[in-house]
Amino acid sequence: MPDFVAPTLDLHALAPEFVLAGVVCVLLLLDVVLLDRAKAIVGSIAGLGLLGSLVPILTLATSDHPTRTMFGGSYVVDSTSLLLKALFIVSAYVVVLLSTNYIGEGDYWESEYYTLLVSSVLGMTVMASARDLISIFVALELLSIPAYMLAAWSKRDGRSNEAGMKYYLMGVFASAILLYGMSLLYGWSGSTQLSEIGRAIGEKNSPAVTLGVVFVLVGFAFKVSAVPFHMWAPDTYEGAPTPVTAFLAVASKAAGFVALIQVIGQALVLRMNVMIPVVAVLAALSMTIGNLIALRQTNVIRMLAYSGIAQAGFMLAPFVASQYGGIDAIVIYLVLYAATNLGAFAVVMAIARRTRSAEISSFGGLFSYSPGLAVALSVFLASFVGIPPLGIWYGKLSVMRALIESQGRWATVLAIFVALNTAIAAYYYLNVAKTMWFDDAPEGESTPIKVPTSLRFAVGIALVATIALGVYPGPLTDAATPEATPAAAPSGR
Amino acid sequence: MIASLFAAQACAPSECFAVPANIAFGICALLMIGAAIKVVTETNIVHAALYLVVVLAGVGVNYLILQAEFLAVTQFLVYIGAIIVLFLFGIMLTRAPMGRSDDLDNAKLRPAGIGAAVMLLVVLGGALLSSFGETHLVFSTANSTTALSDAVFNQYLIPFEVVSVMLLAALIGAIVLARRD
């Protein structure tokens, strides 16, 4: 029997994960040692810790070996995964900024809140590098389980309990389906590694493979709230504490997409005949139904939830053009979507602090008494619509380019769907802008809304990212495009 | 011990799966199917949980037949030792009805449920039979527990560590949500 050989670890490549795990421990211990005095600093510690984990990502991105492989290709750190890790960490940082006042002023358990938030981010960063089924599944559970509980964090609010419960039940159901699909793929290929599975299912098809691929796609469709598996999303988004909603709508959804990117890009791309119809139907349904329901919403948070479903459709579409730069387009879209959506949530939270509601009608005449917030929200809404040079226009361009270049039948149909739905979406996004600029302010609303510093900062980060990446998307495209020779990458160091 | 008993009877890879193992599987499968149907149709929730024990134990026995003794022990410990006991505690410590409750069974939805179950059986069974029907199982002499532990601390080191953070997070969140304050 061969003796056990310890694996070689590239500690530099794992440094961001180590920092995040350290932050989780520090937050826990602070609460134990400082008791009530911890409340004042846990938010700052969580924020600083997240920023600290960006340092190793920067040193990795600028190092001589941008691509590092561990465990025989099961764990890969390359420019795309670094970009995605940075996306998760910066999004979480903005969510911490959004939470500082909201969680501090409400009746919440604070240090546990940040502990769960950071552990969820740890799951996301692992997901960005995971290249085998077990790592992907475990990372998915680590990022979901804290999110289920955060959705129910406002314990005395029945709607928050409902949000957490619905999200949990749907999420577990999806995990079960996903796991069954994974077991079928593993049973057929005899390996948990995505590249090996791709080779095995690419050589020969069988009903078990078809079923496995469909189950895996359905499992992830729940996670990214694609129609018809979107039922949980609007209720969960409305009931959960608003910063948690922002986290779910941006980081959690992005992580679902990252998992899809790994599974489809590494393995299922060799089984296009099964994968394309499933993804195409999911994408077309999500875009159209998400948009049609968003049209009728009167609450901004619910509108953002349904528009998020429609945006998920835009991001699913390029998977049918995976071999023509579709995956890069999804990564680009994800980054821009995160910046825009977090910004929109930050402004809505700032306004809701005063109006105590997120009804669209309560936004009337916002420009007359709080012009800064009105302009900021208008920028984010215009970015959602895809007006150049604001953020998402470049994402939409990349998606369309990938779809049209692939020239497939499904891709062409989806390109038409994307164009039509962009037009539908413009109506309800700009409707909110119209309410803010032209409608009358409610009685007694004349003093400008006071925005706390942390929220101001969050809006600022999102604004800068939305505008800068829209005007100059070059670096984003470079980071999202993987190097040409993944097979010849040096292993370890 | 049971596993090694079956292993001694193993035939060559080209031949069939060992006869005693086949018989053991047949008995086990029948018991599991019967118990699984009772889990769904039983109107007393405590009885339903106890029938679930039979189903989960059957899975454990299947692992034993396949010579995965570590997996079998884990299955017994975790599912029967922990999860079912938790179910029963949950039923007894909350105000859930303990005896017969007729509203557990939804007669109107029964045809739909049976239809969905039969459809799933046909699709899954068909796919599995046509994909793996020709595959012969080979009994290995290697110690699967050793292989498993080697894999956990080598190839799957990162998921193993990630699971520990996940359990910690689940614990903290569950305490916060469950405690009375």
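The values are calculated or read from the model by the stated rules, or taken from the named source; none is laboratory data. Not measured: the values here are computed from a predicted model. Glycine gets a Cβ as well: all are built from the backbone with ideal geometry, and neighbour counts include every protein chain shown. Ligands, DNA and RNA are excluded from the accessible area calculation, which covers all protein heavy atoms including side chains. Shrake-Rupley method; radii C 1.70, N 1.55, O 1.52, S 1.80 Å.
Can you list the helices (runs of 4 or more DSSP H) lying wholly within the range B:74-181 that have 3 or more residues being within 12 Å of chain A (Cβ to nearest Cβ), open to solvent by less than 90 Å² (accessible area, probe 1.4 Å) and farther than 23 Å from A:Phe71 by Cβ?
It comes to B:110-132, B:157-178.
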**OP:** Starting from residues that are more than 12 Å from chain B (Cβ to nearest Cβ) and at pLDDT 90 or above, keep the ones in the range A:1-29 and report whichever is most open to solvent (accessible area, probe 1.4 Å).
**Re:** A:Leu29
**OP:** Name, by its number, the condition in (1) within 14 Å of another protein chain (Cβ to nearest Cβ); (2) in contact with a helix residue (DSSP H, G or I) (Cβ under 7 Å, 6 or more places away or on another chain); (3) not small (Gly, Ala, Ser) that does not hold for A:Leu54.
**Re:** (1)
Original post:
Can you spot a residue in the range A:183-190 that is away from chain B (no Cβ under 11 Å), open to solvent by 10 Å² or more (accessible area, probe 1.4 Å) and in contact (Cβ under 8 Å) with a residue 60 or more places away in the chain?
Top reply: no
Original post:
Here is a list of conditions, (1) loosely packed, with under 15 Cβ neighbours inside 10 Å; (2) within 30 Å of B:Ser144 (Cα to Cα); (3) within 26 Å of the chain's Cα centre (by Cα), and A:Thr62 meets all of them except one; can you say which number that is?
Top reply: (2)
**OP:** Confirm whether B:Val123 is touching a helix residue (DSSP H, G or I) at 6+ places or on another chain (Cβ under 9 Å) and at pLDDT 90 or above.
**Re:** yes
Original post:
For the range A:422-474, which residues satisfy the criterion of being of a type in the set (Val, Ile, Thr), open to solvent by 30 Å² or more (accessible area, probe 1.4 Å) and within 29 Å of A:Asn101 (Cα to Cα)?
Top reply: A:Thr447, A:Thr453, A:Ile461, A:Val464, A:Ile467
**OP:** Would you check if there is a residue in the range A:44-55 being surrounded by 14 or more Cβ atoms within 10 Å (Cβ to Cβ), on the phi < 0 side of the Ramachandran plot and polar (S, T, N, Q)?
**Re:** yes
Subject >> Where a residue in the range A:391-413 is free of Cβ contacts under 8 Å to residues at least 12 places away in the same chain and its partner, wherever it lies, is in a helix (DSSP H, G or I), with Cβ under 7 Å and at least six apart >> reply: A:Ile404/A:Ala415
Original post:
Would you say A:Glu141 is open to solvent by 10 Å² or more (accessible area, probe 1.4 Å), part of a helix (DSSP H, G or I), of a type outside the set (S, T, N, Q) and more than 10 Å from every other protein chain (Cβ to nearest Cβ)?
Top reply: no
Original post:
What are the residues in the range A:305-352 that are open to solvent by 10 Å² or more (accessible area, probe 1.4 Å) and out of contact with any Leu (no Cβ under 9 Å at 6 or more places or on another chain), if any?
Top reply: A:Gln323, A:Gly325, A:Ile327, A:Asp328, A:Ala352
Original post:
assigned to a helix (DSSP H, G or I), aliphatic (A, V, I, L, M), surrounded by fewer than 21 Cβ atoms within 10 Å (Cβ to Cβ) and away from every other protein chain (no Cβ under 11 Å): does that describe A:Ala233?
Top reply: no
**OP:** Output the helices (runs of 4 or more DSSP H) that fall wholly within the range A:321-427 and possess 3 or more residues being among the polar types (S, T, N, Q), or say none.
**Re:** A:326-355
Original post:
Any chance the range A:241-254 includes a residue that's open to solvent by 40 Å² or more (accessible area, probe 1.4 Å), touching a residue at least 12 places away in the same chain (Cβ under 8 Å) and part of a helix (DSSP H, G or I)?
Top reply: no
**OP:** For A:Gly123, work out the one condition from (1) farther than 21 Å from A:Leu334 by Cα; (2) open to solvent by less than 10 Å² (accessible area, probe 1.4 Å); (3) within 9 Å of chain B (Cβ to nearest Cβ); (4) of a type outside the set (Val, Ile, Thr) it doesn't fulfil.
**Re:** (1)
